[in-house]
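Rule-based calculations on the coordinates, nothing more; no lab input. The structure presented is a predicted model; accordingly, all values stated were derived computationally and were not measured. Cβ atoms come from the backbone with ideal geometry, glycine included; neighbour counts cover every protein chain shown.
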Amino acid sequence: MEAFGVLRAIGAPLARDNVDTEVIIPIRRLIAFPRGQLGPYCFEPWRSASGAAADRSFVLDRPRYRDARILVTGANFGCGSSREAAVWALWDMGFRCILAESFGDIFQMNCLHNGLLAVALARTRIEELLAELSSAEDPRMTVDLPRQLIVTPAVRSFGFTIAGEQRTALLDGLDDVGLTLRYLAEIRQFEERDQVARPWVYRTVPRS
């Protein structure tokens, strides 16, 4: 898993609540395309088919947000189906951080397991960020996970919180397996002791 540290990048304002995973990645695309190739279909139901300037009503079709790696959005982002591919599609599109008022519970956990930082912020913070990203000459902002700090395009800063173990996992680039393997020495010591105490548990059946 890719480690997350300090991200300075373009932020895109998606001022919508209840964005579900079927909008993030339509289920029909998962039949035809594997992980790593889902980016072009992320938010497909809302994106312009022609790419013409007149059709660029969706924020991510606008040139100023084309290379965005931070998404700022409303409440209940990632609701609906629990498909992990929604996170894969956002990742394939280039996003590394989602700032929202709230998230679908399973979606937020899937973000953590894939190295995508998902931070819940107060509604007032989200509204301030949406306004700045829409009006700033340069919509770049900074998300600093080591210091748990966000710097807006107008160079205002405020903190955020994330659970300690989740923060460690993201900083070190560790999924659940990686977190468990930090205790490999202790696991092996336990197995050695347990084989002596309960040898019948480890009995092997001879191969025929």
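Miscellaneous remarks
- Phi-derived couplings, Karplus 6.51 cos²θ - 1.76 cosθ + 1.60 at θ = phi - 60°, listed residue by residue for segment 62-67: 7, x, 5, 10, 4, 9 Hz, with x used for Gly and Pro.
- Computed from backbone phi with θ = phi - 60° and the Karplus coefficients 6.51, -1.76 and 1.60, the 3J(HN,Hα) list for segment 157-168 is 10, 8, x, 9, 10, 8, 4, x, 5, 5, 4, 4 Hz; x is used for glycine and proline.
- Linear extension gain, S135 paired with S48, 0.36 nm per residue minus alpha-carbon span: 29.1 nm
- 18 Å reach of a label modelled at T161, 7 Å along Cα-to-Cβ, counting backbone N of segment 82-106: 100-103
- Helices in the chain, meaning DSSP H runs of at least 4 residues, each add -39500 (n - 2.57). Divided by all residues, the mean residue ellipticity at 222 nm is -9500 deg cm²/dmol.
- Couplings 3J(HN,Hα) for segment 22-37, derived from phi with the Karplus relation 6.51 cos²θ - 1.76 cosθ + 1.60 (θ = phi - 60°), are 5, 6, 4, 8, x, 4, 5, 6, 6, 6, 9, 10, x, 4, x, 10 Hz, where x marks Gly and Pro.
- Folded to 0 to 90 degrees: helix 123-135 orientation relative to the chain principal axis, Cα: 50
- Relative contact order, whole percent, for segment 44-166 stands at 18, derived from Cα pairs under 8 Å and 6 or more residues apart.
- Highest to lowest packing among 130-141, 164-175, scored as the average C-beta count within 10 Å: 130-141, 164-175
- Segment 8-24 and segment 84-100 have Cα centres lying 9 Å from one another.
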